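Have a look at the structure below before the remarks.
Where a number appears in this text, it was derived from the coordinates with a stated rule and is not lab data. From a predicted model like this one, the values you see are computed outputs, not experimental measurements. All Cβ positions, even for glycine, are placed from backbone atoms using ideal geometry, and neighbour counts span all protein chains on display.
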Amino acid sequence: MKDATKKWSKETEESLEIMVSIFREAVISAAERFSDYNEQKEVTAQCLEVGLYESVMTLNETNKAVMFQRMGLLRAMDLINSLEIRAISDVSLSVIQDIEENRMEEIPEELKGMIEDIKKNILSERNKKDKE
């Protein structure tokens, strides 16, 4: 698999292809349902966004249920919590990067330091977690 950085077994790669196909079908179905709900003849970008959101949320909840079943409550909760924290920090860093690249000159000086501090804290926490 050209996008992967590690070796995947053929069976795992095939499972991924099946999962992606199922997820694609779910997004399409949800987007079309939202288009019907809005009485639109076409699927718009908004329909696609809603379809993607619904599919991701459904997949997320399904994954949590499977994790609880296979890993047990405490271990699954720890993993879910760490994944959610990582996702929040990824979004925060993305927002900060956008601010730095496109809007930093609009930010008052006293907030620029706060933005840099937040970025340093997020990166510091991430480095700690990566080392563990």
*Using bins 5 angstrom wide from zero, how does P(r) for region 72-132 break down, in % of all Cα pairs?*
4, 17, 21, 21, 14, 10, 7, 4, 2, 1
_Value of [θ]222 nm, deg cm²/dmol, for the chain, DSSP H segments ≥ 4, -39500 (n - 2.57) each, nearest 500_ = -29000 deg cm²/dmol
*asked:* If I take R0 = 30 Å and measure r between the Cβ atoms of LYS120 and VAL20 in this structure, what FRET efficiency does the formula 1/(1 + (r/R0)^6) give, to the nearest 0.05?
replied: 0.25
*Looking at this model, which pairs from LYS6/LYS131; LYS6/LYS119; LYS10/LYS41; LYS41/LYS64; LYS2/LYS120 are more than 31 angstrom apart at the alpha-carbon?*
LYS10/LYS41; LYS41/LYS64; LYS2/LYS120
*So what are the radius of gyration and Dmax for the Cα set of region 1-71, in Å?*
15.5, 46
*May I ask you to derive the FRET efficiency for LYS131 and GLU42 from their Cβ-Cβ distance with R0 = 30 Å, giving the value to the nearest 0.05?*
0.05
*Return the tail of the calculated pair distribution for the chain, meaning the percent of Cα-Cα pairs more than 22 Å apart.*
64 percent
